[in-house]
Amino acid sequence: MCPRKIEKYLNPRRLRCRPRRTGLTSFPPPTRECIHITSTGNKQLTKQALTMKSLCFVARPNFEENPGSILMRTASLNGYSSVSRMARELTIAYFDSSLSLTNPDGALYALLCNECPDLASELKASAYTLLNKLARYEGKVLISGLVLPWTALRQKQVYCPKCLKERQMKFIQDIDGVHACPYHGTEYLSVCPACERRFKWQQVEDGHCLCGFDFRESPCTQSEDLTGLKLLNIFRTRDQSTLNRTYAALKCLRYRYLTSSRRSIVLNMALRIGAQDEQFFYDVLSQDLENHKQLPQKAITIPWLLSDDKWIIAITKKFNAENTWERTICTTPNCCAGFGLSANEFYHITSAYKGTLTIAVNTGKIKIQQLGIFFYYISGQMCKIITPYINRSEYISIRKNFERRKYYSMREIEKALHISIKTANQLTNLGFFGQVISTRPRWLFVKRTAVEKFNKKYISGTALASSLHITSFTLHNILAALEIKHIELPPPPHSDPHPHTRLYLRSSITKIKKLLTMKTTTTPYIHPIPQSLAPTIATELNLPIPTTKHLLNNPKYFIRDINMILNLDSAKQTRALVTELKIWRKNHFTRQESAELAHISYSDFNLRFGKSQSIQSTKVHSEYFFNRKALKAIILETKNYITRRQVLNLANLSASMLRRLVRLGIIRCRVPTNKNSARAISLYCTADILAYIENPYRTNTSLTPLTPITRTTPTHN
């Protein structure tokens, strides 16, 4: 039959859809604040008719609006009482996110982008996108075009009554430390004034709480706090350096205000330091020294010296050079109750082992206090715990008559030689470092000259692999192939016989190092694309950031002429690789895009053309891509054979009538033979269905049955 005739019968206007019993109110008329889904063409209409899980309207993002507010307005425009009700009706789980969004309704937000592609770029720009994994709470999140630490997001949801009257919420209220709304000057509220239930925008029903109270009528308290306005100005000017410096200062200031309930005060101080107010920074450090005279100056300034910002480190070093600390006797009980240190800061101050802090906690000398997701160690008399460790060098110089700066501790040997603590102790016991000074059973000091002499003769496998820019496993295989063995050290008592660190003679690997260095410098190679470009490229190519990073790290997927790329320098290689990636992306489609182009739902597409089918696809990270040839085969297959639900809507048949027509041979059906490997999906011949629609009284049973589908192993590039 003519393809035009098939498309005529597959026109969604001819499809007869049964209404859903959702309990919705009448749909509001479309306004300028929303986009009607039907304006995108027949493709979206077909998807709505077949999936029965579509939205009629999608809210257009307002200026500086947060994702939760967009979902609330979208639910209201489609007649749903709340966002949670909309999620239940669309059978979307809250935490089943297909996009890297920090808000719990990532799947709902992904649905908005898919339903309305005209607004996809604006919707994604309003979302909070994760830039890396949340390993050890060091993740970064992209908010309104600027990068913030993931810990900067507020854990409890708040609201401004005046913002709710305007039917929107702003992204600035999702940032922790902002106490008042910068748009209206009112304090944020977190609970319902009537029932004291916590505010959750997912459960707000037309601006009302579950108890019936209208959040928009909540009593407002005016505030003169300008913290939110200052932070909002940084976002509007796109000043990333000031924002990084602000949160670096905030991380250092938190230990001083462990008992403070008003975090906006700390954030306001961090904003002034972020603006490079040197005099204010000096006043903060001077006030700390005045409040904690009994603490050493190093203990007070160590958080600033370990900061990530260069300007803060430079000003702190300048302050330490201009000020001298004089020890005073502690006469006030619980003088250090408001002073806390992290584990990393404690180790840098005391140069002690990690077990030292554990012993102090177990004995009750130090307590652990949690601030957000960070843990700090506090004590009523921290000065009596820290001072003996800091002044250990003075005690040693008096008792042992040696200068501390001329000796290495075991931890310093570990960093200088790139070996483990166990290997350092083992080498010390074997006499490789000569004479060792011991102040306590666990305090060992070795002369710097002995360590430097050892470093000139031996090198660890970790240091050698780092200098050659290869992995330790690759280095071990190369040296094993060249029959270069490491130094055999006797295993320590009560330990495993395998060495923790491999040591090699520098004289035996000099020639090998030259050969490897010459080979790596003369052989042309592809320079990796900077990972900082991944978010921009991912937005342009409409791909997730992890998939984009995987493509950038593996150019073999999209490079056509490798020799042409190798002959370019690093700058031109980056531009050429990005161009090649864009060309490759135009000719390859994801599963979601292929399903939309084939006018079928995403679930049906996975059942028909998923991993268990013989459609050629390319797997990149966790996504499958189909080229144009495979896409044409998919579109032809979807036109020739349709699913049971499409047959019922197209021919206006019941399920029993369809089974009867299949038994009579009027409509041919094919079912996969291997039903154990995947869910079986019945497919019906479109030509037979259209012929039945034209002449429903025919009784010709001379049609030959279709050959069953045999599932084969998928082939991936």
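Computed values, structure above
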item	result
Considering residues of the range 614-657 that are over 29 Å from Ala538 (Cα atoms) and without any contact (Cβ under 8 Å) to a residue 40 or more places away in the chain only, the residue farthest from the chain's Cα centre (by Cα)	Met657
Matching entry among Ala125, Ala110, Ala75 (being part of a helix (DSSP H, G or I), within 26 Å of Pro182 (Cβ to Cβ) and either at pLDDT 75 or above or among the hydrophobic types (A, V, I, L, M, F, W, C) (or both))	Ala125
Positions within the range 580-602 being without any contact (Cβ under 8 Å) to a residue 12 or more places away in the chain and over 26 Å from the mean Cα position of the chain (by Cα), in sequence order	Lys586, Ala595
Residue tally, condition part of a loop (DSSP other than H, G, I, E, B) and either at pLDDT below 85 or more than 32 Å from the chain's Cα centre (by Cα) (or both), over the range 285-318	7
Only one of Glu138, Glu187 that is charged (D, E, K, R) and modelled with pLDDT of 90 or more	Glu187
Matching entry among Ala321, Ala352, Ala360, Ala416 (being under 30 Å from Phe454 (Cβ atoms) and at pLDDT 70 or above)	Ala416
Residues located in the range 603-613, provided they are in contact (Cβ under 8 Å) with a residue 60 or more places away in the chain and of a type in the set (A, V, I, L, M, F, W, C)	Leu607
Scope the range 579-590; condition buried (at least 17 other Cβ atoms within 10 Å of the Cβ) and assigned to a helix (DSSP H, G or I); matching residues	Glu580, Leu581, Trp584, Arg585
Residue check, Cys252 closer than 23 Å to Gly274 by Cβ and not assigned by TED's automatic domain parsing to the domain that holds Asn66	yes
Hits in the range 177-218 (condition: without any contact (Cβ under 8 Å) to a residue 40 or more places away in the chain, under 30 Å from Ala270 (Cβ atoms) and part of a loop (DSSP other than H, G, I, E, B))	Tyr183, His184, Gly185, Tyr188, Ser190
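Yes or no, residue by residue, for (1) modelled with pLDDT under 70; (2) basic (Lys, Arg):
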| site | (1), (2) |
| --- | --- |
| Ile396 | yes, no |
| Arg411 | no, yes |
| Arg448 | no, yes |
| Val451 | no, no |
| Gly461 | no, no |
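The values are calculated or read from the model by the stated rules, or taken from the named source; none is laboratory data. Being a predicted model, the structure only gives us computed values, none of them experimental. Positions of Cβ are generated from backbone atoms using ideal geometry, with glycine treated the same way; all protein chains shown enter the neighbour counts.
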